[in-house]
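First up is the structure itself, then whatever we jot down about it.
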Amino acid sequence: MSHFSFDLKPKQWDDLPNGAALQQAVAAHLENWWPRVFGYHLLKLGPLSAALSSMASPVAHHFSLSSQDASIIGDFCHLPLQNGVIDAVVMSLLLEFEPDPYRILRETDRVLIAGGYLFIVGFNPLSPLFLGKLWPKYQDCLPWNGRFFMPSRVRDWLGLLGYQVVADERLVYHPLIGEFTQGRFFQQSLASWLPSAGSLYVIVARKLESPLTPIRDKRKMRQTNWSTAPTAGCAEHLSDNLSKPLSEHTE
């Protein structure tokens, strides 16, 4: 039976093996996206997101939210923010170490404006990183103590919330066991021949103006033309009323 520990969470990039290299890879990748994000408020959820520079984005106000050492101290499942006030949200390696990741996504959806951006960085189980899950020595260590979600599952969650996934990309073709300088040829070969096997995924999604809903069938069922059958006693009275002019009925 799989065991996950939500008590041990990364509070800084250095808590992860090769954390500095991971941070550099994520930051460099997001640099290409920041110029596309406009608005007034950019929210970074979690301590690892807070450590990423987003100043290349023209968004006016950049702030972070976490349980400690952040611009706002709060709970990811109960964001102390109004509905529809955030233009972009970044969550880096957050969902893997929280007990209710879908609830976090729903709460994030609540505060995002229509058309807002959501950036999710996560660990990809279909990658060399999964070796640590199989090795008992690492199973209780970061990051292997967390849950690794398939990128397709995260996309399904976003689809249920009414998001359009505009990018699903991979980074870092390394198991994080050992130094990054080891196995350079293997990493380059994996990136070339199996690009979906990166140890990190970066999903970029936009909140749709209106959720996609199935178009209802406009054809109506033919209704039976029922008519009231008058009784014999009131048949004559009914025929007299129908023969009167409309003006007599309205007087």
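Assorted remarks:
- Of the cross-linked pairs K9/K207; K44/K133; K9/K137; K11/K207, those separated by over 20 Å at the C-alpha level are K9/K207; K44/K133; K11/K207.
- Among the chymotrypsin sites (Phe, Trp or Tyr not before Pro) within the stretch 17-105, those in coil by DSSP and having at most 16 neighbouring Cβ atoms inside 10 Å are F38, Y40.
- 4 °C / 1.567 mPa s Stokes-Einstein diffusion coefficient of the stretch 58-134, Kirkwood radius on C-alpha pairs, µm²/s: 93 µm²/s
- Computed as a quarter of the hull surface, the mean projected area of the alpha carbon convex hull for the stretch 163-208 stands at 3.6 nm².
- Accessible area per residue in Å² at 1.4 Å probe, computed on the stretch 1-135: 45 Å²
- In order along the stretch 129-139, phi translates into HN-Hα couplings of 4, 5, 4, x, 5, 8, 9, x, 4, 10, 4 Hz, rounded to whole numbers, per the Karplus curve 6.51 cos²θ - 1.76 cosθ + 1.60 with θ = phi - 60° and x for Gly and Pro.
- Under-5 Å amide H pairs with G162, H placed in peptide plane, nonlocal only: none
- Under Karplus coefficients 6.51, -1.76 and 1.60, residue-wise ³J(HN,Hα) of the stretch 80-90 in Hz, glycine/proline x: x, 9, 6, 5, x, 10, 9, 8, 7, 10, 10
- Label sites at A114 and Q68, each approximated as a point 7 angstrom past Cα along Cα to Cβ, lie 4.1 nm apart.
- Whole-Hz couplings from phi, Karplus 6.51/-1.76/1.60, listed for the stretch 21-30; x for Gly and Pro: 5, 5, 4, 5, 5, 5, 4, 5, 5, 6
- Calculated diffusion of the stretch 1-151, Stokes-Einstein form, Kirkwood radius summed over Cα pairs, 10 °C and 1.306 mPa s, µm²/s: 99 µm²/s
The values are calculated or read from the model by the stated rules, or taken from the named source; none is laboratory data. Since we're looking at a predicted model, the values are computed, not measured. Note: ideal-geometry Cβ built from the backbone for every residue, glycine included; neighbour counts use all protein chains shown. Accessible surface is based on the protein model in full, side chains and every heavy atom, while ligands, DNA and RNA are left aside. Shrake-Rupley method; radii C 1.70, N 1.55, O 1.52, S 1.80 Å.
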